[in-house]
Amino acid sequence: LAYLVRRLLENGANSSFVSNIIDDHVPIDSLVTDPVVMAGKWSSCHNPKIPLPPAIYGASRRNSPGIDDSDIAQLRALLATVHMRYEGIAGAAAGEPVHNPAKYDDIVGYLKFDSAQDMRNKLALLQKGFECQRYQSQQRAAWLTDYADILERQRGELIALCAREAGKTLRDGVAEVREAIDFCRYYAAQCVAMPAQQSPLGVVLCISPWNFPLAIFVGQIAAALAAGNAVLAKPAEQTGLIAQRAVALMYEAGVPSQLLQYVIARGVDAGATLVPDMRTKAVIFTGSTVTGRWLFEKLSERGDAPLPLIAETGGQNCMIVDSTALPEQVVDDVIRSGFTSAGQRCSALRVLYLQDDVADHLIALIAGAMDELRIGDPAAPDTDIGPVIDAAALQKLQAHVAAMHRHPDVRLLHQLSVADERLAEGYYFAPRLYEIPAPDVLPGEVFGPVIHVIRYSAAQLEDVVDQINGTGFGLTLGVHSRIDETAVMISARALAGNIYINRDMIGAVVGVQPFGGRGLSGTGPKAGGPLYLNRLSRLSDGLTSGVPMAEPGSLSGVTGESNRYLFEPRGLVQLIYGEQDSAEHCLASLLAACDAGNTVFVDVPALWHGRLAASVAGHGDRVRFRARTMQFPDADADAYVLAPGSALLPGVLQSLQTAGAGIPVIICELPGPLYWQRFVVEKVITTNTAAAGGNAPLMALS
C-alpha cells in the first residue's frame, strides 16, 4: 500500500484523490516512509506481546536453549566444546567395556555391573533414606531447577557422550539435552503445585532405554523425585556411562544419595531382583511390549498388588497422506519422521499410507530426498544418520530385510548405500523404503530406518484408520491433508496417543505435547503431562489423588502450531468381582467408568445386579450385567477392574497371557476423588497451523 500511494503521488495524483482510498485518520506521510529507515529508529525490534524463546511457557518454567546450526558462530562454538570432550570420555579400566557403535573398536569406557546383593543394598539405603527424609516440595523443586541449569552448562560434554556412547548425531544430542532440561523444569513446577495432603509412595524403580539415554533417564527420575519418592534408576546397559554422568550431576545439584541410586545390570537380572522386592513401590518403564507385559505380571503377583506401573512400550506408527497434501512438505516430514536417530525412536514413522492418486509422485520425491542423506560419524556436523545401537539391533534389521525380500508381495522401492569403511567399523544400516500390501506383513515394530508404504484409495480412508487401530498399537499417528474435515475425522477416529497434522511426528515437547500411548503402546499417563505425578503419589488417607490438573484444551507452544489436549474413554471396561469382594468398590468403579463415557461389562454376583443397575440407570445401554460365572475376561476389553487382593486375579492374568494381549490395564486401587482419571486416555492433537495459511493470532497482534 505504501508503494502504491508513493507511485500515485509521484505520477501527479492529488492528495484528495489519494485520501479517498485510504483511512482519513492515517497521515499519508506515515504510509510513504521507508520501512527500513523507520525500523532503524526503533530502540527495540521486539513486540512485547510476543514472548521471547526462553519465555514461551510463561512464568512457570523457562524454555531450554537450542542452537541454530545454520549460524556458523553457534555451530563452531558447539563443535569446539563437543570435540574437546569427545576424546576425553573414559572410565576406570575395570569392568565391562562400552563400545562406540560408530567405531566398535573404540572403547568409550568401562562399567562395573551390580550383583544381586549390590542391588538389594541400594534398595535398603533408599528405603531408609525415604523413611528419614524431611524434604519439602520447595526443596525438591530447587534440586530439579538447579540440575536443569547444570545440564545447560554441561551441554557440550553431554552431547559428546551421547554421540560416542549412543551414536547420536549432534542435532539429536542437542534435542536430547533440551528434553532432559524441560522435564526437570516442568516437574519442578508441578512439584510446587502439589496439595499438602498428597504423599509419596516410597522407592520407585525407573527403567529407561538406550535410545533416549539422557532425556528419558532424567525425566523418569525427575518425576519420581518431584512426587517425593526415593529413586532407584536402572539405565540400559548400552548407555550406562551417560547414566553415571547424569546421576553425578544430580548429586552436584544437591540431590542426596540416600534418595537417588542407580544400578548397572542386565535387564533380566535387575528385574528378577528388584521387581519382586517389597521395597519397590512403583515402576516406571520405557521399552518393549514384551518386557512391559512381564513387569505387569510380576507386579500383579506380589502380595501388595496392585502397584503403579507407568509403561511406554513403542508403536507401529503410521502416517496418512491424501491427495491434497503439499508434496514438498510431506517429503520433509517423512524423512524426519522415519530416519532421524536412524529410526530408533518409539515415535518414528514405520508405515506410510499414500493415496494412490499421488503415490508414485511422492515415492519418487522421497527417494530423491533419501539420496541427499549423509550416513556417517555421528560426531560430524554434516551427518544425518548415524549407526544403530549395537550388533543385536543390526541383526534384527538384517533379518527383517531378509524377510521382506522373501515375501512375494513386498517391493523394495529405494535403498541407500553405506560406504564399505563404515560397514567395517560400526553398526551401520542402510535406510530403506519398501512397499507392502498391508500392515499385517510386519511381525511387529521394526526399530530402525525402514519405512513401509501402503497405497489406498480415497474411498478407503475410514477403513485405513480402522486398519491402523487394528494393529493394537496406539502411540503416534501422522496426518497430511489440507482438508480440515479429513484431519478432524481421522483424529477423532484414531486410537493414538499423539496425533500430528501437517508436520513430522517425532520430537514431542515436554508440557506441550505430553507423550504416551494406549493399547500395546503403554499404560499411560503421558510423560510430561498433567496426570503423570498422580500415579507416583497418593493422598495421606490412602485414596488416589493428583496434582491440580489442566482441563482439556490448548497447551502453550511455539508460534505456528496448535496443541489440543483432551480425554477420551478407554472403550470397553470389564468389571470382574466375586462374592468375597467389596460391592462398594465395585459400585465406585462402575460409576467412575460410566462417568468417563466407557461401555461397561459388569461380571459380578447376581445378587448385586439390582443395586448396581439402579445406581447407573441414567447411563442407558452402555452397561451390560452378566452373572459372575465367567472363568476368564473378554480378551478384547480395554481395561479390567478387580478388587484389591482379588482371588480372581491369577486367572485373569493367565487368560490374558494365553490370548496374547498387551499390557492390560487393571484398575483396582481404592476409589478416590480423582479415580475417574484411570478410566480415560489422554490424546494430544498437534497441528501445524502455518500449513493452513499462517498463525492468525500472531498476525492480529499490533
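The values are calculated or read from the model by the stated rules, or taken from the named source; none is laboratory data. Since the model is a prediction, treat every value here as computed from it, not as a measurement. Neighbour counts run over all protein chains shown; Cβ positions are idealised from the backbone, glycine included. Just the protein is used for accessible areas: all its heavy atoms, side chains included, with ligands, DNA and RNA removed. Shrake-Rupley method; radii C 1.70, N 1.55, O 1.52, S 1.80 Å.
Take residue 182: with every protein chain present and a 1.4 Å probe, its accessible area is about 10 Å². Full extension of the segment from residue 409 to residue 374, taken as 0.36 nm per residue of separation minus the current Cα-Cα distance, would add 9.6 nm. Rolling a 1.4 angstrom probe over the protein heavy atoms with all chains in place gives region 213-348 an accessible area of 25 Å² per residue.
Apply the a/c threshold of 1.5 to the C-alpha gyration tensor of region 40-192 and tell me whether it is rounded, prolate or oblate.
oblate
Candidates 315, 238, 194 compared by Cα position along the dipole of the chain: farthest toward the positive end lies 194, with charges placed on Cβ. Ordering 491, 249, 473 by Cα displacement along the dipole of the chain toward the positive end leaves 249 in first place; charges were set at the Cβ atoms of Lys, Arg (+1) and Asp, Glu (-1). Placing +1 on each Lys and Arg Cβ and -1 on each Asp and Glu Cβ, with no other charges, gives the chain a dipole about its Cα centre of roughly 1720 debye. Computed with a 1.4 Å probe on the full set of protein chains, the accessible area for residue 70 sits at about 100 Å².
Calculated mean residue ellipticity, 222 nm, the chain: -11000 deg cm²/dmol, from DSSP H runs (n ≥ 4) at -39500 (n - 2.57) each, averaged per residue and rounded to 500.
Starting from the Cα gyration tensor of region 291-360, multiply each eigenvalue by 5, take the square root, and state the resulting semi-axes largest first in whole Å.
After diagonalising the Cα gyration tensor, the semi-axes are 39, 12, 8 Å.
Set Lys and Arg Cβ to +1 and Asp and Glu Cβ to -1, take the dipole of the chain about its Cα centre, and tell me which of 513, 60, 43 lies farthest positive. Among 513, 60, 43, the one farthest towards the positive end of the dipole of the chain is 60. Accessible area of residue 67 (1.4 Å probe, protein heavy atoms only, ligands and nucleic acids ignored): about 40 Å².
Put simply, the convex hull of the Cα atoms in the chain casts, on average, a shadow of 36.7 nm². Ordering 609, 46 by accessible surface, largest first, gives 46, 609; the 1.4 Å probe counts only protein heavy atoms, with every chain in place.
Of 113, 183, the order by accessible heavy-atom surface (1.4 Å probe, DNA, RNA and ligands excluded), from most exposed downward, is 113, 183. In a reduced charge model with +1 at each Lys and Arg Cβ and -1 at each Asp and Glu Cβ, region 295-342 shows a dipole moment near 180 debye about its Cα centre.
Under 23 Å of direct C-alpha separation, and excluding same-chain neighbours fewer than eight residues apart, residue 281 reaches these lysines: 122, 128, 234, 298, 526. For residue 667, the residues 5 or more places off, or on other chains, whose built amide H falls under 5 Å of its own are 640, 641, 642.
Please give the charge dipole size of region 364-428, origin at the Cα centre, charges +1 on K and R Cβ atoms and -1 on D and E Cβ atoms. Round to the nearest 20 debye.
On the way: 5 positive and 10 negative charges, 80 e Å.
For region 364-428, the charge dipole is close to 380 debye.
The angle separating the long axis of helix 155-166 from the principal Cα axis of greatest extent in the chain is about 60 degrees.
Remind me, relative contact order of region 150-271 in percent, using alpha carbon pairs under 8 angstrom and six or more residues apart?
Once divided by the residue count of region 150-271, the mean separation gives 25 percent.
A 1.4 Å probe run over the protein chains yields, for region 129-188, 34 Å² of accessible area per residue, whole-number rounding. For the chain, relative contact order (Cα pairs under 8 Å, six or more residues apart, normalised by length) works out to 12 percent. Rounded to whole numbers, the Karplus 3J(HN,Hα) couplings from phi for region 556-562 are 5, x, 7, 5, x, 8, 10 Hz, using 6.51 cos²θ - 1.76 cosθ + 1.60 with θ = phi - 60°, and x at Gly and Pro. What the Cβ-Cβ distance of residue 357 and residue 562 gives, at R0 = 35 Å and to the nearest 0.05, is a FRET efficiency of 0.80. How far is helix 137-153 tilted off the main Cα axis of the chain, in degrees rounded to 10, range 0 to 90? Roughly 50 degrees, rounded to the nearest 10. For the Cα atoms of the chain, what angle does the longest principal axis make with the long axis of helix 240-252, in degrees from 0 to 90, nearest 10? Rounded to the nearest ten degrees, it is 90.
When 676, 143, 608 are compared by accessible surface with a 1.4 Å probe, the order from highest to lowest is 676, 608, 143.
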